[in-house]
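These notes concern the structure reproduced below.
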Amino acid sequence: MIAKKTEVMCFGFDREFRGITVKDVLIKPSTTIKFLGVKIDCDLGSKSQAKHVADKVRYVAANIRKQSAGTNLKERVILYNGWIKGVVMSNGLAYLSCLNNDQLIKIQTAMNAGIRAVLRKPKYGHIPITSYREKLGMESVEAIRDKIVAFEAWKQRETFLERQSTEGIKTRARKNRKLAAPDQRGWLGKKVATKIVQAWNSIKLEENYKNAKRSIKRLF
């Protein structure tokens, strides 16, 4: 174990906990740790992750504004999709479906700064940002979240179809290859696995993979 790469976070521990010693180095408890690229708060929330993503998006938006001299609108849209949409989608399955409405708004507001940079509009002041986003074919953070979860559901189709064929009694939903609605009470409703099953039940199934992908795109 490498001491400098070790982190400790308490979940319901005594507040007097001072940390642990690793190779003579005291590792003090943190309120947030980073695991596989995703920030996790000590209350199992996603506030730090949402702020982390929003800050990165704003930094990239500033770079687009500074470094896009000599580019046309189409080229700046490509920069947006690679630099900003790419940041939001990175590890998106692990955190996007866990964000609450305020956290989604925080990220969307940062993405809007990128759209302003692409359009070369002022940083502040009212503009019909949603209208511009739709005309340029840019997805909202909610659309990105739903599409990522839907594609993951489709990737797990063989497992889901096997479950559907072996579990429960015959119903109209099962005939349509849907799964039983998962328990959404408390933390169960926030699980990524729960969101994936819900997405599966909303997808119009197609035998052809390309047709299925098009159905997912039309759905969101």
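Out of all the residues in segment 3-16, is one or more under 30 Å from D102 (Cβ atoms), open to solvent by 100 Å² or more (accessible area, probe 1.4 Å) and modelled with pLDDT of 80 or more?
no
So, of the residues in segment 81-127 that are of a type in the set (S, T, N, Q) and in a helix (DSSP H, G or I), which turns out to be most open to solvent (accessible area, probe 1.4 Å)? Before you say what the answer is, go through the steps one by one.
Narrowing segment 81-127 to residues of a type in the set (S, T, N, Q): 81, 90-91, 97, 100-101, 103, 108-109, 112.
Checking the rest, the ones that are also in a helix (DSSP H, G or I) come to 81, 97, 101, 103, 108-109, 112.
Working: N81: 68, S97: 16, N101: 96, Q103: 25, Q108: 21, T109: 63, N112: 31 Å².
If we take residues in segment 81-127 being of a type in the set (S, T, N, Q) and in a helix (DSSP H, G or I), then N101 is most open to solvent (accessible area, probe 1.4 Å).
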Exercise for the section: Test D41 against the criterion of being free of Cβ contacts under 8 Å to residues at least 24 places away in the same chain, closer than 30 Å to G186 by Cα and over 13 Å from the mean Cα position of the chain (by Cα), and give yes or no. Expected result: yes
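Can you give me the number of residues within segment 36-75 that are at pLDDT below 90 and in contact with a helix residue (DSSP H, G or I) (Cβ under 9 Å, 6 or more places away or on another chain)? Talk me through it step by step, then tell me what you get.
Of segment 36-75, the ones at pLDDT below 90 are 36-46, 67-70.
Filter again for in contact with a helix residue (DSSP H, G or I) (Cβ under 9 Å, 6 or more places away or on another chain), leaving 36-41, 44-46, 67-68.
Of the residues in that region, 11 qualify.
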Problem - segment 135-144, residues that are under 24 Å from A69 (Cα atoms) and open to solvent by 50 Å² or more (accessible area, probe 1.4 Å) - result: K135, G137
Exercise for the section: Could you check, for segment 164-182, whether at least one of its residues is open to solvent by 80 Å² or more (accessible area, probe 1.4 Å), of a type in the set (A, V, I, L, M, F, W, C) and modelled with pLDDT of 70 or more? Expected result: yes
Fill in the blank from the handout: Of the residues in segment 36-80 that are within 19 Å of P122 (Cα to Cα) and outside any helix (DSSP H, G or I), the one that is least open to solvent (accessible area, probe 1.4 Å) is S68
Exercise for the section: Give just the number: which of (1) of a type outside the set (D, E); (2) over 16 Å from the mean Cα position of the chain (by Cα); (3) under 21 Å from M9 (Cβ atoms) does N63 not satisfy? Expected result: (3)
Problem - From the options S68, S48, S30, residue that is free of Cβ contacts under 8 Å to residues at least 24 places away in the same chain and under 22 Å from Q108 (Cα atoms) - result: S48
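The values are calculated or read from the model by the stated rules, or taken from the named source; none is laboratory data. As the structure is a prediction and not an experimental result, all values here were calculated from the model. Glycine gets a Cβ as well: all are built from the backbone with ideal geometry, and neighbour counts include every protein chain shown. For accessibility, only protein heavy atoms count, side chains too; no ligands or nucleic acids. Shrake-Rupley method; radii C 1.70, N 1.55, O 1.52, S 1.80 Å.
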